[in-house]
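Read-outs throughout are calculated quantities, based only on the coordinates presented, and are distinct from any laboratory measurement. Predicted model, so just to flag it, every value in this text is computed and none were measured. Neighbour counts are summed over all protein chains in view; Cβ atoms, including those assigned to glycine, are modelled from backbone coordinates with ideal geometry.
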Amino acid sequence: MTTKLTLSINSKVIESAKRYSRKRGVSLSRIVEEYLVKVSKPVKKPKDFSIMELKGILGKVPHDFDYDQAKYQYLKEKYKL
């Protein structure tokens, strides 16, 4: 279903957008609609990386491997705590 929308836009911007749409053979309404669809999509939050995603790359990881403890030990040694 389509619905009309009234926008207030600078006349120079409108003329430029109309030229752009004519050159591409697409209606200005379609360009605006596609833009609004794109910007209204939910932003995907970057996934936190976990070293556990790489498990198995260097061999088998013990079933009871404690990632947090390994990280703690690594940082303790790195910063000489």
- prompt: For the range 4-21, in order, what is each residue's ³J(HN,Hα) by Karplus, 6.51 cos²θ - 1.76 cosθ + 1.60 with θ = phi - 60°, in whole Hz (x at glycine and Pro)?
  reply: 6, 9, 9, 10, 10, 9, 3, 4, 5, 5, 4, 4, 5, 5, 5, 4, 4, 5
- line: For Lys60, the aspartates and glutamates lying under 14 Å Cα to Cα, once residues fewer than eight places off in the same chain are dropped, come out as none
- prompt: What pairs in Lys45/Lys80; Lys44/Lys71; Lys23/Lys47 have C-alpha atoms more than 30 Å from each other?
  reply: Lys45/Lys80; Lys23/Lys47
query: Between Rg and the Kirkwood Rh of the chain, both from Cα atoms, what is the Rg to Rh ratio?
result: 1.43
- request: Show which lysines lie in cross-link reach of Lys4 when reach means a straight Cα distance below 17 angstrom and same-chain residues fewer than eight apart are skipped.
  value: none
message: Output wanted: per-residue J couplings in Hz (rounded whole) for the range 61-75, from phi through Karplus 6.51 cos²θ - 1.76 cosθ + 1.60, θ = phi - 60°, x for Gly and Pro.
response: 9, x, 4, 9, 4, 9, 4, 4, 5, 5, 5, 4, 5, 4, 5
message: Where in the chain is the longest stretch that carries no trypsin sites (Lys or Arg not before Pro) classed as loop by DSSP and with at most 16 other Cβ atoms within 10 Å?
response: 5-43
